[in-house]
Structures are given as C-alpha cells and as structure tokens.
1. Over the range 385-432, with the other protein chains present, what is the accessible area per residue in square angstrom, probe 1.4 angstrom?
2. For Phe66, what accessible surface area do you get with a 1.4 Å probe? Give it in Å², rounded to 10.
3. Please report the carbon-and-sulfur percent of the accessible area for the range 53-193; probe 1.4 Å, protein heavy atoms only, DNA, RNA and ligands left out.
4. Ranked from the most accessible area to the least, with a 1.4 Å probe and all protein chains present, what is the order of Glu148, Glu50, Glu265?
5. For the range 1-131, with only Lys/Arg (+1) and Asp/Glu (-1) charged at the beta-carbon, what is the dipole magnitude about the Cα centre, in debye rounded to 20?
6. Counting heavy atoms of the protein chains only and a 1.4 Å probe, report the per residue accessible area for the range 1-131 as a whole number of Å².
7. What accessible surface, in Å², does a 1.4 Å probe find on Val12, ignoring ligands, DNA and RNA and rounding to the nearest 10?
8. Which cross-chain or sequence-distant (5 or more) residues have an amide H under 5 Å from the amide H of Asp301, H modelled 1.01 Å from N in plane?
Amino acid sequence: MRLLTGHHLLLVTARRALGLVCGHVVWGVGDTKLVRLADTVDRRGTKADEQRLKRLLQWVDLATGFFWSDTYNLTETLQTNALSPLSGERHPGHLVYCPGDFESAFAWNAHLSRALRVALGTETASRWIAPLCHGYFAQTRASMSGREVTMTVLARRSRHHAGTRFNRRGVNVRGRVANEVETEQIVDAGDAQLTWYEPRVSSATQLRGSVPLFWSQDTSALNARPTIVVRGHDVTHSATAAHFSLVRQRYCDPAVCLSLIRSQERRPRESALRGELAAALHYVNGALPADRERIACVHWDFERQMKGSVSADGDDFHGDGDGDGDESEGFGAAARPVRGCARSRRRRRLVQGRGLRAGHRPGSGSDPWLFSTAPSRVTPLDDSKRLALTCQSGVLRSHCVDCLDRTNVAQFAWGLAALGCQLERLGVIDGDAVGPDSSVAAALMSVYRSMGDVL
C-alpha cells in the first residue's frame, strides 16, 4: 500500500489454526507487521503525517475476525468449491485461487493486494497472497447416536457498503447492502481416522443484510432510537432489483426474505420500512420474466411474537407472504457416499429443501430432490466412493433494522431446523428433528450466540 511518503507491505507474521473444512486448515491472523519497501517519487505529506496514518492503521486489529486458508477457497461456499471444475481452465497449474476469487465480495484484501498481484503475476502471487475473509469462524464437535460429527459455522462479511451501525444503512446504487453477511453451516460426519478423507459433509447457507431500500438514520447522542428516513427517489426500485440480481447470481432461485421488523407501532418507525419493502418487491417481481421465480417475502414481527409463546426450534416461523411464496423455505447441500437408493423423507416446514440436480434449471418443474452422481475430489477406490449430491438452490435472506439480535435468533432457529435435515441426510439420525433441549442444540446455540457478539 502507498501512504504519504513511501510504499509499504502489510505482512501476516503469525497465524493460529482455527479448524478444518473438509481436511483443509483454516488459519486466523495472529500478528502483522508493516514493512516499508521504498520511498515514493512524489511525496504528498510529511513523515509526521505518515506516522499519524500508521498509528491509525495499527488500531485496526487484524487478529480479530480475519481468516484464510492456503488450500481451500473460503470466499466460496462448500457447494461451489465441490462442484467447481478441477481442470486447469479455472485454476492454472492446480492453483487454489484464480484472479477472479480476489474480486469476491468476501475478499477483504482485494483492493490493497491488486497492484502487487499484477506485478507478481498469477502463479507467483498465488504462493504469497490468499483472499482474506472477515467475519466469524467457529468449530465444535458433538456426539449423536454414537457418531462424532463436526459442526462449523462460517460467517463471511461483505466488504461492499461496509460500515458501522447507523452510518451504513440500506442499499447503494450498485445493489450492495449494508451489514451483509453470508452464514454457512457445515456438518461433517466423515471418519477422521481414515488415511484418506471420505467426504460425508453437508452445507446449508443463509444470508443477512440491511433492508434493500434507500434509507438512513440521523444519529444523535440524545436519541437512542433515531428516526428512520426512507428516501423514495428510486421510483423504479432499480437498486432493489440490482441487489436481488446479485443474490440470484450467487445462490440461484428462489430468494426468500424473512423480514423481522415491527408491523405495529404507536409511532410509525420500523413499519415504514415494511410497507416500502412490500411495494418495492411488488414492482421488482412484476418486472421479472415469466420464467423466473418471484422473490418471496415473509413478514414476521419478531418482538410481537416473542411476547407470546414461540417454540425454540422455529416451528412458528410463519407470516404474511409477499411475492409467490407464503412461507419461509430452507435450503441445503449434502454429499455422502452412495448407499443404495435415497429415500424421500418429510421435511420440516422451515426447511423444505429446494435441491437442484446437475443440469436442472429453476422452474423446469422436475423433482427437486432427484440426486445426481458426480466424482469426488479424492481418488475413488471403487464405485461406492462416488458421491450422491443434493445441491442448494436459492437462499433465505433475513433482516431486521440492525441485522443483529433479532436476525441472529432467527438464523439460529433456521440453522437448528437445517441441522436436523443435515444429520438425517448424512445418515447420523433417523428423522429430521433435533430437540431444542438436546446437547447438540445447546452447542449450536452457543456458536450462534458468539457469532452475534462478534458481528
């Protein structure tokens, strides 16, 4: 990076192991060092000014919330990594990362490393630079039915439209929203004692982000709940449409919004966002092609429901639906060795897997739970080592005003329901329900609680 009087290189000088994803080590930043490389030709300030900038830079604690992997692409979900081509077209010379991976919304060192990557070239840069993710990574082991499983929760914070609370709200003109975090829940039931890695893993991904409208709040030291101001100059809702276009590019259809904002208030505040969002989605859905799935929105007044009795496993998550869907649907991806025919089982309301087999297109009307067979990343010893894949199509997108406490509770409820389906799909349990009072549910709740504190 270039400061006022010189060029500098920010190096990670220490690392700590956070856990494993499919046998790949995930590292957290332990310590960093800013190394001066050379003076600039045209100086833009004094050394005293540069020292002040260095002190500001040192206040950014890279040891908190930043992580990477040398052998696994953490900017993508497990499903994307598993289905990505293994040929040299994407990764020349079997490189883990290609240049496009650094342009991901979840690669926080993309801008600072761009000049160095260009100077070094793709192959050399891949040995020295890896995309750095920011968010949360936690891993815990649990025992169920005599089987050991590893549960991983990985939250990737988007670098676009990022900022602190109250200073970043809503959506920008490019469709990027504030406080956008992709949360991936990975369950690994593979046998760690084997000399090779046998994939028995399931991934379920959900999304959180600010309400995709142009809105803001004027901060005040005297007002703990600043007034919400909705700016209605985007009459065609192009920014909202651009946001859901980005969601579709990454997750495919359908997109289901879970809105947790208040519906009834003495003085309209949050409820203004609810009405504007409904109007925006109505307009955006009306402009979609006939063969595209409409964006569904479930309005669920979290605080009003919490005053009553709501089951901890999320069975009462329902509400008024906008768009073509009227209930919250869940999604998941799973992979395990083929052991006979896959049996159809009842899915919970909250997690009604919308799977895609290879070659399937959204809206084609075929059975979404047909399984396709694809080769695994490991060398198969026999035909039984081939994988039966169920792929996630679409995403559940949750939001409240701050995308913090209410959203985190809702994401845990969805994650717990998804966990039952993941364990069932991997053959760990019979049935797709995990009791809210079980030790596994308590362990998952602890992880999500810690994630909420970090985010």
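The values are calculated or read from the model by the stated rules, or taken from the named source; none is laboratory data. Model, not experiment: these values are computed from the prediction. Ideal geometry is used to build each Cβ from the backbone, glycine not excepted, and the neighbour counts take in all protein chains shown. For accessibility, only protein heavy atoms count, side chains too; no ligands or nucleic acids. Shrake-Rupley method; radii C 1.70, N 1.55, O 1.52, S 1.80 Å.
1. Values: 950 Å² over 48 residues.
Value returned for the range 385-432: 20 Å² of accessible area per residue.
2. Using a 1.4 Å probe on the heavy atoms, I get roughly 20 Å².
3. Details: 3740 of 6870 Å².
Carbon and sulfur atoms account for 54 percent of the accessible area of the range 53-193.
4. Working: Glu148 90, Glu50 5, Glu265 45 Å².
Largest accessible area first, the residues go Glu148, Glu265, Glu50.
5. On the way: 15 positive and 12 negative charges, 116 e Å.
It comes to approximately 560 debye.
6. Working: 7610 Å² over 131 residues.
With all protein chains present, the range 1-131 gives 58 Å² per residue.
7. Around 70 Å² of this residue is reachable by solvent.
8. It is none; the list stays empty.
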